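These notes concern the structure reproduced below.
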Ligand code: FES
């Protein structure tokens with residue numbers, strides 16, 4: 001495990017998501033309304049589209065391009081179910097958010 005400090009809680013309010021580079025990997029950090037924080041791959045597993053441009057409702061992220069949907073708390077695809085996004089471990093220590101990307105590659109799914 002190699003957790004790296006990404007930002008502070010003040011940088012990512014509840015309901016917000018933002019891209020960060022962590023150890024050379026582009027990561028989408030998401031702060032859900034329930035207070036939980038999740039890190040997933042920044043690119044949609046379907047095509048080369050930034051998921052940060054999608055919409056977030058509860059824990060469901062919808063890609064802006066073809067409306068594929070993912071549960072950001074598990075990384076599992078909701079529609080289609082055979083797609084999934086890579087999840088990175090997140091740790092919150094005080095006000096700081098840490099993410100570990102070591103050994104985890106983004107996932108890609110053909111339609
Ligand atoms: S690029 Fe995201 S659903 Fe197609």
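Per-residue answers, yes or no, for (1) in contact (Cβ under 8 Å) with a residue 24 or more places away in the chain; (2) over 18 Å from residue 12 (Cβ atoms); (3) more than 12 Å from the ligand (Cβ to nearest atom); (4) within 10 Å of the chain's Cα centre (by Cα):
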residue	(1), (2), (3), (4)
46	yes, yes, no, no
50	yes, no, no, no
54	no, no, no, no
57	no, no, yes, no
67	no, yes, no, no
71	no, yes, yes, yes
81	no, yes, yes, no
88	yes, no, yes, yes
Please verify whether residue 70 is crowded, with 20+ Cβ neighbours inside 10 Å and closer than 25 Å to residue 102 by Cα, treating the condition exactly as stated. yes
Any chance residue 7 is surrounded by 12 or more Cβ atoms within 10 Å (Cβ to Cβ) and under 13 Å from the mean Cα position of the chain (by Cα): no
Surrounded by fewer than 15 Cβ atoms within 10 Å (Cβ to Cβ), at pLDDT below 95 and more than 12 Å from the chain's Cα centre (by Cα), is that true of residue 110? yes
Every residue from the range 74-99 that is out of contact with any strand residue (DSSP E or B) (no Cβ under 6 Å at 6 or more places or on another chain) and crowded, with 16+ Cβ neighbours inside 10 Å: none
Restricting to the range 48-63, what's the tally of residues that are exposed (fewer than 15 other Cβ atoms within 10 Å of the Cβ) and modelled with pLDDT of 95 or more? 4
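The values are calculated or read from the model by the stated rules, or taken from the named source; none is laboratory data. All values reported here derive from a predicted model rather than from experimental measurement. Counting neighbours? That spans all protein chains shown, and the Cβs are built from the backbone with ideal geometry, glycine included.
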